[in-house]
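Structure record follows, encoded as structure tokens.
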Amino acid sequence: MALTTIETGIPLITEDTITVANDYVIFLDGSATGNANKEQFSEVMTLIAGTGLSAASGVLNVDASHTGITSVYNASLKMGRDSQNLIDFATTDNKIILRVNDVDEVELVENALSPVTASGVDLGTTSLEWGNIYVGDDKKVQFGDGQDATIEYDEDGTDQLRIAGAGVVIENDVEIADSKFIEFASAAGTPTTDNTVQGIVIEFLAAEAITQFDAVYVSTTTGRVGRADANVASMAKMPAIGIAIETQGSAGSSVRVLTHGVYRDDGGFAGDMTVGVPLYAPEAPGTLTTTIPADDGDFIQKVGVAVGVRSVFINPSLDVIEHA
């Protein structure tokens, strides 16, 4: 049988590489039965581009910034700078892990944000502190591997801030309320530094100018504190209730008074004291003295006892004896 050749007008198609700048593609214009037309390849890429994708010279690029994606779900998803610094969603269900420098540092599970390793992450640094911390009613700040000590605001029970633990040590100053203070030692024993105070301190208004470590009394007319004097008739400037721990230059100003505790005053005594000797309210305004007031009409009040050659334990007795 003889073969018949039919002319179709369709050129033979062979494989070639698309040149973006010059080549065209064939498309049906308008519908499946539309006219066969051509369009440059770079223009086709421009038409395909959209949110998150852009075309330039026929090349389709993923934009650096995306605003159109609303969800990315994948059971193997990890996102980050590299394999050593990332957010890990893939280790286990219902857990998110934050990895830094190839160490899994922090994990978030339902109802708990915690370090991956116990005591493995600090909250803040010595130079980058956090701001306010807000803790809900009846919630605790808990310390130790066994939660041996806690701080809690007990709203449902006592409406108190409660500090609990086998032993609580408080250092330095604690403000109690209404300008009242307790000042604690930073170490056991008597003070080793001049002008150091440890104990219970109460803030008063001054009745007059007062010098640091003056013995003070409470005025019966103003309720303010002034300089105690064991040599004034009718105990008008007695009994001493403690010693001022700061100089106050004018009446009406606040002054803090040590009423029970220990203080050190290297310049306030005539010589080195013998440990254990009593100290008395002075016969003239000023610091305590180891000399018992001896003149007729003087008032004798034991205010403290020496616990060092320059240190005194204050615990005023309110019993006053008149010398006759």
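Listing for the model above:
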quantity	calculated
Estimated FRET transfer efficiency (Ala233, Asp194; beta-carbon r; R0 35 Å; 0.05)	0.50
Projected label distance in nm at Ser119 and Asp295, using a 7 Å step from Cα toward the beta-carbon	6.5
Cα-projected label distance for Ile163 with Thr14, points at 7 Å along beta-carbon direction, nm	9.2
Shape parameters for segment 216-298, alpha-carbon atoms, Rg then Dmax in Å	13.3, 38
Full-extension gain in nm, Leu47 to Ala284, via 0.36 nm per residue minus C-alpha separation	75.2 nm
For the chain, the longest site-free run once GluC sites (Glu not before Pro) in DSSP loop states with at most 10 other Cβ atoms within 10 Å are removed	172-324
Estimated distance in nm for a label pair at Thr150 and Trp130, the labels positioned 7 Å out from Cα along Cα-to-Cβ	1.9
Top of Leu128, Leu77, Leu28 by mean-square fluctuation, Gaussian network on the chain, Cα under 10 Å	Leu28
Difference of contour (0.36 nm per residue) and Cα-Cα distance, Asn85 to Ala112	7.5 nm
Stokes-Einstein diffusion coefficient of segment 1-132, Kirkwood radius over Cα pairs, 20 °C, 1.002 mPa s, in µm²/s	100
Nearby lysines by direct alpha-carbon distance to Lys95 (threshold 18 angstrom, same-chain neighbours under 8 apart not counted)	Lys78
Sequence-distant aspartates and glutamates (8 or more away, or on other chains) whose Cα lies within less than 15 Å of Lys237	Glu208, Asp214, Asp229, Glu283, Asp298, Asp319, Glu322
Quotient of C-alpha Rg and 2.2 N^0.38 Å, computed over the chain	2.15
Relative contact order of the chain, defined on C-alpha pairs under 8 angstrom at six or more residues apart (%)	8
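Throughout, read-outs are computed from the coordinates displayed, never taken from laboratory work. Remember, predicted model here, so these are calculated numbers, not experimental data. All Cβ positions, glycine included, derive from the backbone under ideal geometry; neighbour counts span all protein chains shown.
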